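Read the figures in this text as sums done on the coordinates, not as results from a lab. Since the model is a prediction, treat every value here as computed from it, not as a measurement. As a convention, Cβ positions derive from the backbone with ideal geometry for all residues, glycine included, and neighbour counts pool all protein chains shown.
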Amino acid sequence: MSRIARAVINLGALKHNLVVVRQHAPAQKIMAVVKADAYGHGIARVAKAISEEFTSEDAFAVASIDEAIMLRSVGVSHNIIALEGFTTVADLALLHEHNITAVVHHISQVILLELHQQQASNLKLWLKIDTGMHRLGFAPQDVKKMYKRLLTTGADTDIGLMTHFANADDLEDNKTEKQINTFNEIVEGNPADTSLANSAAILGWPDSLGHWVRPGIMLYGVNPFVKRNNDFKLKPVMTLSAALIAINKIVEGESIGYGGKWTCPEDMPVGVVSIGYGDGYPRHAPNGTPVLVNGQRVPLIGRVSMDKIMVDLRTQPNAKVGDKVVLWGEGLPVEEIADAAETIGYELLCGVTKRVAFEYHDGETE
Ligand SMILES: Cc1ncc(COP(=O)(O)O)c(C=O)c1O
């Protein structure tokens with residue numbers, strides 16, 4: 001067993017999760033969200049695996065034009081939507097060159113298209129409506145006006161209408177319903193394609209499916225809800241592992257690691273694991289955060305350091321140097337580690353660093 005940390009990416013699980021998307025949105029087209037290097041999983045391999053399961057109409061969504069170009073460079077031929085759209089005339093040329101669809105969310109973009117009609121001509125666009133998230137998009141009262149202005153820029157007149165939810169991960173929060181209603185009022189009578197739903201909405205807000213769904217985190221096997229009382233049969237795609245590189249007998253009363261944040265209550269074996277915040281394991285994971293040693297849960301003890309963490313091996317007397325340690329993934333949902341470290345699974349997955357060795361396999365798709 002190598003000392004280095006490994007992220008094993010199960011492409012079979014990814015494909016399985018795509019099936020779960022289709023089960024919840026059987027009549028919809030899919031815009032698979034693969035921004036931020038496919039949520040830290042590696043955009044090239046993830047996009048290739050997803051493409052294999054796509055219909056010709058499905059598409060990818062990324063944040064920036066750079067990410068879209070990266071997708072083209074690895075051979076993706078499906079439509080690609082750049083969710084942040086463009087800011088300069090040079091961007092418009094890139095959209096043409098790489099056949100990228102852009103989201104228009106701000107007046108500055110409309111003006112740019114009006115001023116550069118030649119570069120705007122035939123561009124494929126979505127218009128984003130701010131129905132309550134207040135991040136990107138036009139205010140409801142401005143939408144009709146903006147839509148009309150876009151129709152006169154020479155851009156492709158098949159302009160989709162989209163919005164994004166702020167609180168869809170909380171099924172008890174009625175903000176999502178309000179956002180859906182606001183969106184429906186605005187788009188009523190417009191035959192354009194619509195898109196509202198992120199993962200949480202796909203799984204929990206069936207009234208929001210529209211024509212296109214935009215799954216992100218569920219593709220990677222993470223339950224998007226704040227209260228996770230439903231099992232959606234998602235499978236974790238990334239399993240992050242390392243190995244025990246030392247087991248030390250530490251005596252009662254001695255403290256462990258930087259700052260001495262944990263003190264041994266008795267003489268006990270302490271395992272040292274070859275992973276730390278330099279690999280993307282969260283430094284704020286507290287004492288007690290679960291870790292799997294040979295498939296068995298043991299608690300993290302002491303502070304997370306750059307290359308190492310320590311674990312309490314009192315329940316694992318047979319553990320030995322070289323044994324496998326899983327930090328999250330199969331057998332240990334990343335959601336649990338995120339809760340312990342007071343963050344979200346998205347951040348942990350995106351934060352795995354370049355030092356970690358990535359391996360891809362097709363896994364079981366049953
Ligand atoms: C506009 C937009 N749509 C869809 C998604 C996918 O969201 P999720 O990963 O929660 O499914 C994101 C991700 O943040 C997004 O920004």
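For the reader, a short list of remarks on this structure follows.
- If R0 is 51 Å, the Cβ-Cβ spacing of ALA192 and THR343 corresponds to a FRET efficiency of close to 0.85.
- Length released on extending from ARG297 to VAL74, taking residue separation times 0.36 nm less the Cα-Cα span: 76.4 nm
- Span from the the range 13-65 Cα centroid across to the the range 243-282 one, whole angstrom: 39
- For the cross-link pairs LYS15/LYS148; LYS48/LYS324; LYS35/LYS320, the ones whose C-alpha atoms lie over 32 Å apart are LYS15/LYS148; LYS35/LYS320.
- Note on the range 156-263: the C-alpha convex hull projects to 12.5 nm² when averaged across all orientations.
- Projecting label points 7 angstrom from Cα along Cα→Cβ for ALA166 and THR55 puts them 3.4 nm apart.
- For the range 221-366, size of Cβ-based charge dipole, Lys and Arg +1, Asp and Glu -1, in debye: 240
- Note on the chain: helix-only mean residue ellipticity at 222 nm, from DSSP H runs of 4+ residues weighted -39500 (n - 2.57) and normalised by residue number, equals -8000 deg cm²/dmol.
- Distance in nm between pseudo-label sites at LYS324 and ASP142 (7 Å out along the Cβ direction from Cα): 5.3
- For the chain, the spread of Cα positions along the three principal axes, ordered from largest to smallest, is 76, 42, 41 Å.
- Rounded Å value of the spacing that divides the Cα centres of the range 127-185 and the range 325-342: 34
- Distance histogram for the range 11-220 (every C-alpha pair counted, 10 angstrom bins, percent rounded to whole numbers): 9, 36, 37, 17, 1
- Net charge dipole size for the chain [Lys, Arg +1 and Asp, Glu -1 on Cβ; Debye, nearest 20]: 520
- Multiplying the residue separation of HIS134 and SER255 by 0.36 nm and removing their Cα-Cα distance gives an extension gain of 38.8 nm.
- Placing unit charges on each Cβ (+1 for Lys and Arg, -1 for Asp and Glu) gives the range 256-366 a dipole about its Cα centre, and among VAL326, ALA341, GLY278 the Cα reaching farthest toward its positive end belongs to GLY278.
- Using the Cβ-Cβ distance between ALA27 and ASP66 with R0 = 30 Å, the FRET efficiency computed as 1/(1 + (r/R0)^6) comes to roughly 0.35.
- With θ taken as phi - 60° and the Karplus curve 6.51 cos²θ - 1.76 cosθ + 1.60 applied, the whole-hertz 3J(HN,Hα) list for the range 232-246 is 9, 6, 7, 10, x, 8, 9, 10, 9, 9, 8, 9, 6, 10, 7 Hz, x standing for glycine and proline.
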